[in-house]
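Note sheet for the following structure.
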Amino acid sequence: MDCIFCKIVAGEIPSAKVYEDDRILAFKDINPCAPVHTIIIPKEHSITCCNDITEDNAEIVAYIFSKIPHIAKLCGTEEGYRVVNNCGALGAQSVFHIHFHLIGGTQLSEKLN
Ligand code: AMP
Ligand code: ZN
């Protein structure tokens, strides 16, 4: 599958790993928008975007969120951060392997778009 995040999971493309376990991977965004900009993904490419989340597959999304406090701490931004998901073309999604942006390390703007 021609998916850049699957290639990162497979080790075919290098990444700056922040956290990894058997189900998820977190790595630094290659084009950061803040001092902390970490991408968190499920290792399995089963959900492409938020529109694909169902009652049957949502557990991995809950698992990712259960690890966010730990990942935020590893990134040194536990005091405050933003978790973002871009969904679809109008949402400016560019990689169609579901992922969450953990953004922080500075005072974030009140404006979301
Ligand atoms: P999105 O636009 O929400 O789909 O987010 C995709 C993110 O992946 C963007 O912020 C990119 O900068 C980031 N990205 C793309 N390729 C890589 C890569 N090889 N390593 C780390 N981050 C990447
Ligand atoms: Zn993938």
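Every number here is computed from the coordinates shown, using simple stated rules; none is lab data. Here the structure is a predicted model, which means the values were calculated and not measured. Cβ: placed from backbone, ideal geometry, glycine included. Neighbour counts: every protein chain shown.
Key figures for this structure:
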item: Tally, over the range 69-87, of residues that are closer than 17 Å to residue 106 by Cα and in a helix (DSSP H, G or I); result: 5
item: Which numbered condition residue 47 misses (of (1) more than 11 Å from ligand 1 (Cβ to nearest atom); (2) in a helix (DSSP H, G or I); (3) surrounded by 13 or more Cβ atoms within 10 Å (Cβ to Cβ)); result: (2)
item: The range 1-20, subset part of a loop (DSSP other than H, G, I, E, B) and either within 11 Å of ligand 2 (Cβ to nearest atom) or at negative phi (or both), residue surrounded by the most Cβ atoms within 10 Å (Cβ to Cβ); result: 15
item: Identity of the residue in the range 64-93, under 14 Å from the mean Cα position of the chain (by Cα) and among the small types (Gly, Ala, Ser), that ends up surrounded by the fewest Cβ atoms within 10 Å (Cβ to Cβ); result: 66
item: Test: residue 109 is in a loop (DSSP other than H, G, I, E, B), among the polar types (S, T, N, Q) and within 16 Å of ligand 2 (Cβ to nearest atom); result: no
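Yes/no per residue for (1) of a type outside the set (Phe, Trp, Tyr); (2) in contact with a strand residue (DSSP E or B) (Cβ under 8 Å, 6 or more places away or on another chain); (3) within 21 Å of residue 17 (Cα to Cα):
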position: 44; (1), (2), (3): yes, no, yes
position: 51; (1), (2), (3): yes, no, no
position: 55; (1), (2), (3): yes, no, no
position: 64; (1), (2), (3): yes, yes, yes
position: 88; (1), (2), (3): yes, no, no
position: 92; (1), (2), (3): yes, no, no
position: 102; (1), (2), (3): yes, yes, yes
position: 105; (1), (2), (3): yes, yes, yes
position: 111; (1), (2), (3): yes, no, no
